[in-house]
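Accompanying notes for the structure given below.
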Amino acid sequence: MVKRILVLTEEKLVSNLLKKRLSDEDYQVVISDDPEKALVIIIREKINLIVLDLDLSDLTAFSFLVKKKSDSDLKKIPVLVISNAGQIGELSQAQELGATDWVLKTEFDPGEIAQKVKNIFKSIKATS
Amino acid sequence: MEEENKTRLEKQILLKNIALQVRMRKLILPLLAIVLLFFNVFSPPVASTVLGSILVLFSFSLFFFAALYVKKTPSLSLSAIRQILVNIIFLELLAAWAGFYFFSFVVNSWLIPIAFPASLLSIFYLVLISPLLEDLYRTFFYLISWLGLTFLILLNHSSFVESVSARKFNTDIISSSSLVSIVLAGIAIFGVRIIISSTQDQSHWQSGGLRKVNQKLQNKLEEKDESIFQLRRELRETREILQIRTLARGKELKNLTKNFQKMLSKQKDNLQAEDERRNKIQEAQETTKALLNVLEDNEKDREKLMQEEELTTTIINNFVDGLIIFDPQGIIQEVNKQAQHVFHIQENDVQKQPLAILQKYSLIAPAVKIMIHDNHVQLVKEKEFSPQPAMTMTVSIIALQGKERRLGYLAVFHDVSREKNIQKMKTDFVSIAAHQLRTPLSAIKWSIKMILDGEAGKISAKQKDWLNKTYQSNERMIALVNDLLNVSRIEEGKFLYDVQEIDLRSVIQNVLHNDEEIIKRKKMTVSFQGENKEIPKVKVDVEKIQLAIQNLVTNAIDYTPAGGKVVITLDQKGRDVLVKVKDTGIGISKEDQKKLFHRFFRARNAIQVRANGTGLGLFITKNIVQAHRGKIWFESELGKGTTFYLTIPSSQS
């Protein structure tokens, strides 16, 4: 079964590059730049993993995480956080809110992110 | 003049004394004779006893006083002493004799034989010494008077004995015998005088022819005799006067000498006294000087103290932080101007009041809760409190420990609102800068990477080469942004905010997670020892301590060749928690070890391995560790590896 991934970011380049790269790895990729709409898409499209850009305007990324965490259906869906700020406080906060893993955009490239995604699926498969 | 007058006066007194002496001698004898006669004839036995006693006492006391007089008057000439002695002895014998005689009337008849020889002895003695006494004529007169008296007494005595033995007291016999005695004495005296004159008229009995010549010669001789006698008398008088004068002069001289000696000794004493006085003055001067010095020193000390006190007061009052000083019992002693101003306190309202009174002032009330716990003053360091919104202060309580005892406590109130603000601004800046700078950089990085990976179609070798170079430049730019963010974090290391009690294990796990990719890429063995060990929790600013440990771990990975080994150990060391990061890396040369924690310093071999380091990581790490009252050190050998040690006090300590 093909894994479905949602990339939630306001940066078009980031979403396009990730979509291209993750599609190469045989994932189905859905792109969104609106956290509110994203919550609907996740359920509708039966998303298996979310790549969340923390650098969404107005700190909406965190409210998205809060909402996702409070929803029993969405809670279990893993989240890979990508960020530019790389502030430790920010990242640990994201982790508390249910982020599975995180990467600093400048330190990783799309290939490495695809590798991270693969690892997450592997670990989920191992635990389930 | 005065001396002369004095001498003259003394001389006159002396002369008077001598004249009195002579007169007394002439008067006393007849007077005594009369008294004796009177008592002999009329006295009852009691009167005799009294008189006898007086006379005996007189006789002894006379001798005593005479001896005393001679002894006390060393200026007396020998002849003068002799004269006095003779007179005294004479009077004495007379008195003794008379005394014994009168006693004999009442006491015992056997005393009479003593009185009689005594009288005889006195006569004999008188004869013996008579040549010493004036002229022969007078001596003779005395002798005769004496004999007459003795005779009279003897006569009386016999009649008395007679009357006593007959047990009848015939006053007639006594008086008549006395009368006869007096008459006889008179005859005796008269007879003596006739004898003397007849001796003088001896020439009458010589031949008639020669008688006239003789008479003339006699007359002439007599005249001569007379004149010689006169001359002798004058001479004697002169001698007497001279003697007196000599005596007086001698006495005068003696007095003078005495005075002079006195003066000399006085002078000497004066000189000595003067010396002593001078010494004493000098001593006193020195003492005064020393005292003045001491006083001056005291004054200086006092001034110094006052100055110091003034300085202290000035410092306290002008101190930028609010200061409250209170004694060991928690009684407020002083509130400086800044504290009064910040907390709206009037010093007079709280001075000499217990610390708890500050709870009445809303601005300082939150601090009082920190300062006092269970009625005890708490020694706290930089505890934050918020007097009002948007204002943050810290309170520190320092014990003022004197040399011997605790003087009290000092509470320091420091306004950190500004620092807090700056800190927030800095954090915001770092966040914004990171975001704004990294966003395009990551876009470039990802795009180039995708192209290089052939995601956008096949590229030529030349295109690939150029893109590779662009990619590297972008990587350097990313490193530069990281540096920039680190620089802005340098100062952050010095302040701790958001302190939480945590387990360092989670921090290390986070750190390792961050480096996961690079560890994999370099095919390194990174292990975490003590992950399952129970380690005390620490109170730390999590974000900062993670940065510090991250720096150490990332350095270990960065400077260890691929396939190397890094061991992270978490352990307890006394009251501290120890983090050890050991690698098998390039190591640090001895020379570089000294400067390793310096700002912007990079070891030579480190630059070769990684060109884009900043030289700030260890500097920041050290700041953070020290802000947590921890320690950081390392051991390293070039080419073999490095071990970094980091300790943080556990929350229990």
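The values are calculated or read from the model by the stated rules, or taken from the named source; none is laboratory data. Being a predicted model, the structure only gives us computed values, none of them experimental. Glycine gets a Cβ as well: all are built from the backbone with ideal geometry, and neighbour counts include every protein chain shown.
Structure summary
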read-out	value
Of all residues making up segment B:392-435, the number that are polar (S, T, N, Q), assigned to a helix (DSSP H, G or I) and away from chain A (no Cβ under 14 Å)	2
Some residue of segment B:296-307 being within 42 Å of the chain's Cα centre (by Cα), under 30 Å from B:VAL350 (Cα atoms) and of a type in the set (A, V, I, L, M, F, W, C)	yes
Residue count for segment A:70-100, restricted to those that are at the interface with chain B (Cβ under 9 Å from one of its Cβ atoms), crowded, with 21+ Cβ neighbours inside 10 Å and at negative phi	6
Residue among B:ALA411, B:ALA365, B:ALA390, B:ALA339 that is without any contact (Cβ under 8 Å) to a residue 40 or more places away in the chain and more than 29 Å from B:GLU543 (Cα to Cα)	B:ALA365
Selected residue (criterion: surrounded by the most Cβ atoms within 10 Å (Cβ to Cβ)) from residues of segment B:518-536 that are more than 11 Å from chain A (Cβ to nearest Cβ) and not in a loop (DSSP other than H, G, I, E, B)	B:VAL526
Conditions (1) within 19 Å of B:VAL540 (Cα to Cα); (2) touching an Asp or Glu at 6+ places or on another chain (Cβ under 8 Å): number failed by B:GLY587	(1)
Hits in segment A:1-28 (condition: under 26 Å from A:LYS125 (Cα atoms), in contact (Cβ under 8 Å) with a residue 24 or more places away in the chain and within 14 Å of chain B (Cβ to nearest Cβ))	A:VAL7, A:LEU18, A:LYS20, A:ARG21, A:LEU22, A:ASP24, A:GLU25
Considering residues of segment B:446-477 that are within 12 Å of another protein chain (Cβ to nearest Cβ) and outside any helix (DSSP H, G or I) only, the residue surrounded by the most Cβ atoms within 10 Å (Cβ to Cβ)	B:GLU455
Which numbered condition A:LYS125 fails, given (1) modelled with pLDDT under 90; (2) over 24 Å from B:GLN550 (Cβ atoms); (3) within 15 Å of the chain's Cα centre (by Cα)	(3)
Answer residue from segment B:481-517, given it is within 11 Å of another protein chain (Cβ to nearest Cβ) and modelled with pLDDT under 80 and is nearest to the chain's Cα centre (by Cα) among those	B:TYR497
Answer residue from segment A:101-128, given it is of a type in the set (Ser, Thr, Tyr) and within 13 Å of chain B (Cβ to nearest Cβ) and is farthest from A:GLU10 (Cα to Cα) among those	A:SER123
Matching entry among A:ILE31, A:ILE77, A:ILE41 (being in contact (Cβ under 8 Å) with a residue 12 or more places away in the chain, farther than 25 Å from B:ALA434 by Cβ and in contact with a helix residue (DSSP H, G or I) (Cβ under 8 Å, 6 or more places away or on another chain))	A:ILE77
